[in-house]
Amino acid sequence: MAENTVFIHTNAKQIAGAIVGRHALKRTSAEPDAFDVQIIKREDYDCFDAFEGRKFLRAGSWRVWKNDDLQSFTPVRFTPPQLMNYENRAVVIDPDVFAVGDVNELFRHDMGGRAILACPRPGHNRRDDYIASSVMLLDCAKLTHWDMRAQFEKMFTGELDYDDWIVLATEPRETIGFLEAHWNDFDRLTSETRMFHNTKRRTQPWKTGLPIDFTNRIPWIGKVLPSASIRLRGKYKVHPDPQQEAYFFAMLKECVETGQITTAAIEHEMAQNHVRHDALAMIDRALPVDAILDRLRLAA
């Protein structure tokens with residue numbers, strides 16, 4: 001394992017995003033050989049199979065764990081310190097996070113002696129203590145208590161609440177520092193952005209027109225019932241920012257041209273309803289990546 005490694009955690013449903021994310025990290029770096037990128041998948045960990053269909057604690061109530069959920073990969077974000085033998089630094093990102101700037105700048109970020117740097121998002125999901133673990137810079141030597149399998153199993157005994165785990169509420173506050181917003185720009189792409197995050201699942205650019213395949217909480221008289229979740233009806237919508245859609249398909253086109261993914265693999269993802277059915281047409285008419293990046297620079 002390289003001294004500096006970016007881990008993209010994913011599952012089969014989001015593998016196309018992960019492949020584009022890996023390419024974007026290398027493509028936008030001035031020193032792409034200075035770091036490694038590893039895609040780590042939920043399917044690689046057999047502990048998930050043992051808990052399929054069992055109840056786990058989330059937001060103070062019990063849910064049923066489903067491995068085919070769009071976001072079943074999220075516990076895997078806690079594996080990198082162990083994968084790094086609890087040494088050096090690691091960056092962890094979701095499969096719907098795409099680099100525009102150089103990730104080496106993030107690896108060189110002053111951590112101020114803290115174990116974790118991530119972006120705060122107070123008020124999101126009705127939590128004032130919300131910290132977005134979808135992009136993290138980790139000092140792995142300070143996270144020897146992270147053991148994904150053991151922590152995952154505690155959700156099913158009621159010892160650990162999924163929501164507390166994911167927002168880092170179980171970590172000592174003094175060990176967490178804050179990243180600038182441009183390292184995890186939520187559905188926003190500007191000249192200041194270093195990584196943007198297609199966090200609004202209904203509008204992920206590579207899923208437009210597909211049937212919605214994730215569960216969501218049920219709103220009830222202005223509140224959210226923590227015990228309730230449903231599989232939403234309807235279809236994924238067009239992303240409100242055409243520039244983010246253009247960036248994704250420009251990068252996907254380069255992935256095809258460089259052999260990182262084949263058109264046959266994309267057709268397979270389309271058949272599985274993991275990727276929108278017009279993806280190949282979107283690739284054919286995609287702008288060059290440099291043209292999109294130049295447009296961002298001109299807007300500065």
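The values are calculated or read from the model by the stated rules, or taken from the named source; none is laboratory data. Bear in mind that the values here come from a model prediction, so they are computed numbers and not experimental data. Ideal geometry is used to build each Cβ from the backbone, glycine not excepted, and the neighbour counts take in all protein chains shown.
On the given criteria, is residue 81 crowded, with 19+ Cβ neighbours inside 10 Å and part of a loop (DSSP other than H, G, I, E, B)?
Numbers: crowded, with 19+ Cβ neighbours inside 10 Å: yes; part of a loop (DSSP other than H, G, I, E, B): no.
In short, no.
Restricted to the range 181-207, and to residues that are of a type in the set (Lys, Arg) and part of a loop (DSSP other than H, G, I, E, B), which residue is nearest to residue 143 (Cα to Cα)? Walk me through how you get there before you give the answer.
Kept after step one, since they are of a type in the set (Lys, Arg), are these residues of the range 181-207: 188, 194, 200-202, 207.
Imposing the further condition that a residue be part of a loop (DSSP other than H, G, I, E, B) reduces the set to 188, 194, 200.
Values: 188: 31, 194: 25, 200: 29 Å.
Here the residue is 194.
Given the range 101-180, what helices (runs of 4 or more DSSP H) lie entirely inside it while holding 2 or more residues that are under 23 Å from residue 60 (Cα atoms) and not charged (D, E, K, R)?
Values: elements: 103-107, 148-157, 162-166.
Here the list reads 148-157, 162-166.
Tell me whether the range 147-163 contains one or more residues that are of a type in the set (Val, Ile, Thr) and either within 25 Å of residue 111 (Cα to Cα) or under 19 Å from the mean Cα position of the chain (by Cα) (or both). Spell out how you get there, then give the answer.
Filtering the range 147-163 for residues of a type in the set (Val, Ile, Thr) gives 157.
Subset that is either within 25 Å of residue 111 (Cα to Cα) or under 19 Å from the mean Cα position of the chain (by Cα) (or both): none.
Scanning the range 147-163 turns up no residue that is of a type in the set (Val, Ile, Thr) and either within 25 Å of residue 111 (Cα to Cα) or under 19 Å from the mean Cα position of the chain (by Cα) (or both).
Give the residue that is farthest from the chain's Cα centre (by Cα), with candidates limited to residues of the range 274-291 that are closer than 30 Å to residue 68 by Cβ and not in a loop (DSSP other than H, G, I, E, B).
Ranking the candidates gives 281 first.
Scan the range 35-50 and report the pairs whose first residue is among the polar types (S, T, N, Q) and whose second residue is in a helix (DSSP H, G or I), with Cβ atoms within less than 9 Å and a gap of 6+ or a chain change.
Cβ pairs passing all conditions: 38/22; 38/80; 38/83.
Name every residue in the range 194-209 that is crowded, with 17+ Cβ neighbours inside 10 Å and either at pLDDT 90 or above or among the basic types (Lys, Arg) (or both), in order of residue number. It would help to see each step written out before you state the result.
Narrowing the range 194-209 to residues crowded, with 17+ Cβ neighbours inside 10 Å: 194-199, 203-208.
Scanning the range 194-209 gives 194, 195, 196, 197, 198, 203, 204, 205, 206, 207, 208.
Please go through the range 85-99 and give me each residue that is surrounded by fewer than 24 Cβ atoms within 10 Å (Cβ to Cβ) and part of a loop (DSSP other than H, G, I, E, B), ordered by number.
85, 86, 87, 88
Considering each residue of the range 233-260, count those that are surrounded by fewer than 20 Cβ atoms within 10 Å (Cβ to Cβ) and part of a loop (DSSP other than H, G, I, E, B), and give that number.
9
From the set of residues in the range 261-300 that are surrounded by fewer than 17 Cβ atoms within 10 Å (Cβ to Cβ) and among the small types (Gly, Ala, Ser), which is farthest from residue 207 (Cα to Cα)?
Among those that are surrounded by fewer than 17 Cβ atoms within 10 Å (Cβ to Cβ) and among the small types (Gly, Ala, Ser), it is 300.
Just to be sure I understand, how many residues within the range 51-70 are at positive phi and over 22 Å from the mean Cα position of the chain (by Cα)?
Here is the first cut: in the range 51-70, the residues at positive phi are 53, 59-60.
Narrowing further to those that are over 22 Å from the mean Cα position of the chain (by Cα): 53, 60.
So the answer is 2.
In the range 8-45, what residues are polar (S, T, N, Q) and either under 16 Å from residue 84 (Cβ atoms) or touching a strand residue (DSSP E or B) at 6+ places or on another chain (Cβ under 8 Å) (or both)? Spell out how you get there, then give the answer.
Of the residues in the range 8-45, the ones polar (S, T, N, Q) are 10-11, 14, 28-29, 38.
10, 11, 28, 29, 38 - these are the residues of the range 8-45 that are polar (S, T, N, Q) and either under 16 Å from residue 84 (Cβ atoms) or touching a strand residue (DSSP E or B) at 6+ places or on another chain (Cβ under 8 Å) (or both).
Please go through the range 109-128 and give me each residue that is of a type in the set (D, E, K, R) and exposed (fewer than 13 other Cβ atoms within 10 Å of the Cβ), ordered by number. Quick ask: steps written out before the conclusion?
Of the range 109-128, the ones of a type in the set (D, E, K, R) are 110, 114, 121, 126-128.
Once the filter is applied, which keeps residues that are of a type in the set (D, E, K, R) and exposed (fewer than 13 other Cβ atoms within 10 Å of the Cβ), the range 109-128 yields 110, 126, 128.
Based on this model, can you work out whether residue 74 counts as over 26 Å from residue 200 (Cα atoms) and crowded, with 17+ Cβ neighbours inside 10 Å? Talk me through it step by step, then tell me what you get.
Values: over 26 Å from residue 200 (Cα atoms): no; crowded, with 17+ Cβ neighbours inside 10 Å: yes.
It is false that residue 74 is over 26 Å from residue 200 (Cα atoms) and crowded, with 17+ Cβ neighbours inside 10 Å.
Where the second residue is part of a loop (DSSP other than H, G, I, E, B) and not hydrophobic (A, V, I, L, M, F, W, C) and the first is touching a residue at least 24 places away in the same chain (Cβ under 8 Å) and lies in the range 79-95, which pairs have Cβ atoms under 6 Å and are six or more apart or on separate chains?
86/144; 88/3
For the list (1) modelled with pLDDT under 95; (2) touching a helix residue (DSSP H, G or I) at 6+ places or on another chain (Cβ under 8 Å); (3) buried (at least 16 other Cβ atoms within 10 Å of the Cβ), I need the number of the one condition that residue 191 fails.
Unmet condition: (3).
Taking the conditions exactly as written (touching a helix residue (DSSP H, G or I) at 6+ places or on another chain (Cβ under 6 Å), of a type in the set (S, T, N, Q) and more than 17 Å from residue 142 (Cα to Cα)), does residue 125 satisfy them or not? Quick ask: steps written out before the conclusion?
Details: touching a helix residue (DSSP H, G or I) at 6+ places or on another chain (Cβ under 6 Å): no; of a type in the set (S, T, N, Q): yes; more than 17 Å from residue 142 (Cα to Cα): yes.
No; evaluated as a whole, the condition is false for this residue.
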